[in-house]
Amino acid sequence: MPSSRTIAGLALAALLLPGCTPEAAAPELTLDQAFQTAAKDNGVPRDLLVAIAYSMTRLDDPTAGDHEHGGMRGYGVMDLDAGSPATGPNLARGAERLGLRVDDAIHDPTENIAVAASELRWRADAITAETGARFDRIDDWVDVVGWYSGSEDGGAQRSFARQVYRYIERGVRVQDPDGNGMIVVEGRELDLPTLDLMAVTTSSADSGLADNVVSAASCNYTNASRGASTIDMIVVHTAQGSYSGTYNWFQNCSAGASAHYVLRSSDGEITQMVAEADTAWHAGDSATNARSVSIELEGYIEDPDRWFTDAAYTALAALIVDVADRQGVALDRSHIIGHSEVPGCAYTGGGRNCHTDPGDGFDWDRLMAAVAAGSGSSGSETSGSSGSSGSSGSSGSSGSESSESSGSSGSSGSGSSGSSSGSSSSSSSSSGVGDVVGFVRKDSIYNTGSPVAGATVTASTGQSATTDSRGYFDIEDVPAGTVSLTVSATGYATATDSVDVERNDDNWNSVAVTATSSSSSSSSSSSSSSGTAPPTGMDPTGWETVSSPSVTMSWASTGATSYEVKIYWYDGSDWNVYYTYTTSSTSKTFWPTVDDTDYAWVVRSVRSSGTSEWSAINYFAFEG
């Protein structure tokens, strides 16, 4: 796909014109240079700017290209509001301060970052004038970062600040969208007692999985008294915006929209905004609104691989199972649907505004497998679904949730303002280590209803961790590279797996264990009888050149319950893990985000008898 930003270098053609001087043709900045320049010019920590941008947009400009921009959607890599927000950064105000045109500050990433840095400095100076506070260290900017979220809710501000500082503490390593190397924030140790958010009040939440309760504006939903006799559907949306931008929009009466839950991409954090008994305005179809619970996923349908993370799928499946258990919703694709499948569109899409989310890149097979495992059912119900392709069409009509109401005005909302939850941040990682995180579950990593607590997960490098009541583990400061994991738990057979640890990152690798009483007493040295032969017949392979926006990888195998696909990309010197997927089909489509790059991929089968070895390595070249 064409890049929205290029390194122009010197404008040679301009230099050849009479009277032109080198000063008239200054080179454009790379994205990393733009962060450094804005930080220096405004006295704002460079790593703080990068972490905010990563939290908001993953450092890719969501407004690049010909997309519709909805109300939840800010502008540029810094996700700036161009309207008149009650709090938080204001693109127009910052652009005027710097003598920039608003349109340029929207579309030029260098100016967008400069405006964000100017707004952060403006807010810090205001706090200094009011309280005398100093901003000498990156730790001192917590309140300013909370303000940048744009929310007036204290709990929502702390939640956003916690997310940003978690990236600063653990580090960020992300490819420049234009291919100009990596943009890196090295992990560091922080002293942030104000972000110790262990004491959380979520007593008004319907779901025990909710981390926060932040009420939507009462003008954006209908006060009702619904229950299991009324609710029989769950609708999944992609927000076309950031986590904080989404719940801020639902607190604005201009939205005419809301959702019951908003889910964060990076770690699966859940905020409840509308009580399940009340009717959220989300579907563009009043009948669907009246009978459904809605869930908004942070992110953009144009970039599914970046936003639909392991943590998001895991948290979404668990929330769906929880809502369905309490409301009696059938766990099949007739009752768990995407916004694109809501009736009311005369063309392609869902609701009267023909929305296409959660998008082509949303993996319905993966979600339904996780839902089935979490509910304890024998298998996933995907009948009538469009599989991993969803039913989205054009990405253009998936933006704003505006005017998704049933036409009636709601009264006072339910739920109280709450704080963000989650454990305090772990100790920082050095440049050569990362964390290994995941879940230990019985029989299947998707079996959310059977966590294994008290299991010991040990890395071959010596570090270990014990799973909590959710089966979750976090092994800190594991040296980068391929690391073997050994899982031991009372009553379960020892399990092993391996993970490629990326430095300064959370490296997800959940592990399934089998109860010793159900383990097979027979074995076979034959891969055909044990069912552990790796897949064959991979395509593409052999350094094929692919130029279409998406790449479909396929393979041949029988008898497997699922497949794990691991993709690597080459940065010019090293192979890096791009993503790891799990699918129940013998093909997987993904959308490369690094143009003109070599990729490699492997696949392995998961059967009841065990997991196969990885397949042979397959290569292809992607030309964007």
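Please pick out the residue among 66, 41 that is under 29 Å from residue 304 (Cα atoms) and at pLDDT below 95. Walk me through it before giving the result.
Values: 41 fails: under 29 Å from residue 304 (Cα atoms).
When all the criteria are applied, what remains is 66.
Do the conditions hold for residue 133, that is, is it surrounded by 16 or more Cβ atoms within 10 Å (Cβ to Cβ), more than 25 Å from the chain's Cα centre (by Cα) and without any contact (Cβ under 8 Å) to a residue 24 or more places away in the chain?
Against the criterion (surrounded by 16 or more Cβ atoms within 10 Å (Cβ to Cβ), more than 25 Å from the chain's Cα centre (by Cα) and without any contact (Cβ under 8 Å) to a residue 24 or more places away in the chain), residue 133 does not qualify.
Test residue 123 against the stated conditions and say whether it is within 21 Å of residue 76 (Cβ to Cβ) and in contact with a helix residue (DSSP H, G or I) (Cβ under 8 Å, 6 or more places away or on another chain).
The answer is yes for residue 123.
For the range 434-460, which residues satisfy the criterion of being at pLDDT 80 or above and β-branched (Val, Ile, Thr)?
436, 437, 440, 452, 456, 457, 458, listed by residue number.
May I ask you to verify whether residue 105 is within 17 Å of residue 36 (Cβ to Cβ) and out of contact with any Ser or Thr (no Cβ under 6 Å at 6 or more places or on another chain)?
For residue 105, the condition - within 17 Å of residue 36 (Cβ to Cβ) and out of contact with any Ser or Thr (no Cβ under 6 Å at 6 or more places or on another chain) - is not met.
Looking at 248, 289, can you tell me which residue is outside any loop (DSSP other than H, G, I, E, B), farther than 19 Å from residue 209 by Cα, in contact with a strand residue (DSSP E or B) (Cβ under 6 Å, 6 or more places away or on another chain) and not aliphatic (A, V, I, L, M)?
289 is the lone residue from the list that is outside any loop (DSSP other than H, G, I, E, B), farther than 19 Å from residue 209 by Cα, in contact with a strand residue (DSSP E or B) (Cβ under 6 Å, 6 or more places away or on another chain) and not aliphatic (A, V, I, L, M).
Within the range 148-177, work out how many residues are within 29 Å of residue 502 (Cα to Cα) and either in a helix (DSSP H, G or I) or open to solvent by 20 Å² or more (accessible area, probe 1.4 Å) (or both). Show your work before the answer.
Of the range 148-177, the ones within 29 Å of residue 502 (Cα to Cα) are 149, 158-177.
Cutting the leftovers down to either in a helix (DSSP H, G or I) or open to solvent by 20 Å² or more (accessible area, probe 1.4 Å) (or both) gives us 158-170, 173, 175, 177.
Looking only at that region, the number is 16.
Which of the residues spanning the range 482-501 are within 27 Å of the chain's Cα centre (by Cα) and either assigned to a loop (DSSP other than H, G, I, E, B) or loosely packed, with under 15 Cβ neighbours inside 10 Å (or both)? Spell out the reasoning first.
Residues of the range 482-501 that are within 27 Å of the chain's Cα centre (by Cα), as a first pass: 482-485, 497-501.
Within the range 482-501, 482, 484, 498 meet the criteria.
Please go through the range 336-356 and pick out each residue that is hydrophobic (A, V, I, L, M, F, W, C) and at pLDDT 85 or above.
336, 337, 342
On the given criteria, is residue 238 touching a strand residue (DSSP E or B) at 6+ places or on another chain (Cβ under 6 Å), buried (at least 24 other Cβ atoms within 10 Å of the Cβ) and modelled with pLDDT under 90?
no
Look at residue 356 and say whether it is polar (S, T, N, Q) and farther than 24 Å from residue 75 by Cβ.
It is false that residue 356 is polar (S, T, N, Q) and farther than 24 Å from residue 75 by Cβ.
Answer yes if at least one residue in the range 138-147 is crowded, with 23+ Cβ neighbours inside 10 Å and in contact with a strand residue (DSSP E or B) (Cβ under 7 Å, 6 or more places away or on another chain), and no otherwise.
Scanning the range 138-147 turns up no residue that is crowded, with 23+ Cβ neighbours inside 10 Å and in contact with a strand residue (DSSP E or B) (Cβ under 7 Å, 6 or more places away or on another chain).
Suppose we filter 428, 469 for residues that are farther than 23 Å from residue 314 by Cα and either modelled with pLDDT under 90 or among the hydroxyl-bearing types (Ser, Thr, Tyr) (or both); which single one remains?
From the options 428, 469, the qualifying one is 428.
One line per residue, one yes/no per condition, for (1) surrounded by fewer than 17 Cβ atoms within 10 Å (Cβ to Cβ); (2) of a type in the set (Phe, Trp, Tyr); (3) modelled with pLDDT under 75; (4) in contact with a Gly (Cβ under 7 Å, 6 or more places away or on another chain):
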| residue | (1), (2), (3), (4) |
| --- | --- |
| 507 | no, no, no, yes |
| 523 | yes, no, yes, no |
| 535 | no, no, no, no |
| 547 | yes, no, no, no |
| 567 | no, no, no, no |
| 571 | yes, no, yes, no |
| 578 | no, yes, yes, no |
| 582 | no, no, no, no |
| 602 | no, no, no, no |
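Among all residue pairs at least 6 apart or on different chains, which show Cβ distances below 6 Å where the first residue, located in the range 86-108, is over 27 Å from residue 251 (Cα atoms) and touching a residue at least 24 places away in the same chain (Cβ under 8 Å) and the second is open to solvent by less than 30 Å² (accessible area, probe 1.4 Å) and in a helix (DSSP H, G or I)?
Short answer, once both residue conditions are applied: 97/118.
For the range 313-360, what are the residues that are among the small types (Gly, Ala, Ser), in contact (Cβ under 8 Å) with a residue 12 or more places away in the chain and either in contact with a strand residue (DSSP E or B) (Cβ under 6 Å, 6 or more places away or on another chain) or open to solvent by 10 Å² or more (accessible area, probe 1.4 Å) (or both)?
If the condition is that a residue be among the small types (Gly, Ala, Ser), in contact (Cβ under 8 Å) with a residue 12 or more places away in the chain and either in contact with a strand residue (DSSP E or B) (Cβ under 6 Å, 6 or more places away or on another chain) or open to solvent by 10 Å² or more (accessible area, probe 1.4 Å) (or both), then 315, 318, 328, 330, 334, 338, 340, 344, 349, 359 are the ones that fit.
Identify, please: which residue in the range 294-312 is under 22 Å from residue 176 (Cβ atoms) and not charged (D, E, K, R) and is, among those, surrounded by the most Cβ atoms within 10 Å (Cβ to Cβ)?
So, considering only residues that are under 22 Å from residue 176 (Cβ atoms) and not charged (D, E, K, R), the one surrounded by the most Cβ atoms within 10 Å (Cβ to Cβ) is 299.
Only one of 387, 359 is at pLDDT below 90, under 24 Å from the mean Cα position of the chain (by Cα) and of a type in the set (Gly, Ala, Ser). Can you tell me which?
387
Can you tell me which residue among 265, 258 is open to solvent by less than 10 Å² (accessible area, probe 1.4 Å), part of a loop (DSSP other than H, G, I, E, B) and out of contact with any Asp or Glu (no Cβ under 7 Å at 6 or more places or on another chain)?
258
I'd like to know if the range 606-615 contains one or more residues that are charged (D, E, K, R), open to solvent by 10 Å² or more (accessible area, probe 1.4 Å), under 30 Å from residue 372 (Cβ atoms) and in contact with an Asp or Glu (Cβ under 9 Å, 6 or more places away or on another chain).
no
Looking for something open to solvent by 10 Å² or more (accessible area, probe 1.4 Å) and in contact with a Lys or Arg (Cβ under 9 Å, 6 or more places away or on another chain) - is there at least one such residue anywhere in the range 92-109?
The initial filter retains those residues of the range 92-109 that are open to solvent by 10 Å² or more (accessible area, probe 1.4 Å), namely 92-93, 96-104, 106-109.
Now restrict to residues that are in contact with a Lys or Arg (Cβ under 9 Å, 6 or more places away or on another chain): 108-109.
Yes, the range 92-109 has at least one match.
Pull out all pairs, ordered by first then second residue, where Cβ-Cβ is under 8 Å, the residues are six or more apart or on different chains, the first lies in the range 184-205 and is of a type in the set (A, V, I, L, M, F, W, C) and surrounded by 14 or more Cβ atoms within 10 Å (Cβ to Cβ), and the second is assigned to a loop (DSSP other than H, G, I, E, B) and at pLDDT 65 or above.
Close Cβ pairs (under 8 Å, with a partner that is assigned to a loop (DSSP other than H, G, I, E, B) and at pLDDT 65 or above) amount to 184/171; 185/171; 200/211.
The values are calculated or read from the model by the stated rules, or taken from the named source; none is laboratory data. Note that this is a predicted model, so its numbers are computed, not measured. FYI the Cβ positions are ideal-geometry reconstructions off the backbone, even for glycines, and counts take in every protein chain you see. Just the protein is used for accessible areas: all its heavy atoms, side chains included, with ligands, DNA and RNA removed. Shrake-Rupley method; radii C 1.70, N 1.55, O 1.52, S 1.80 Å.
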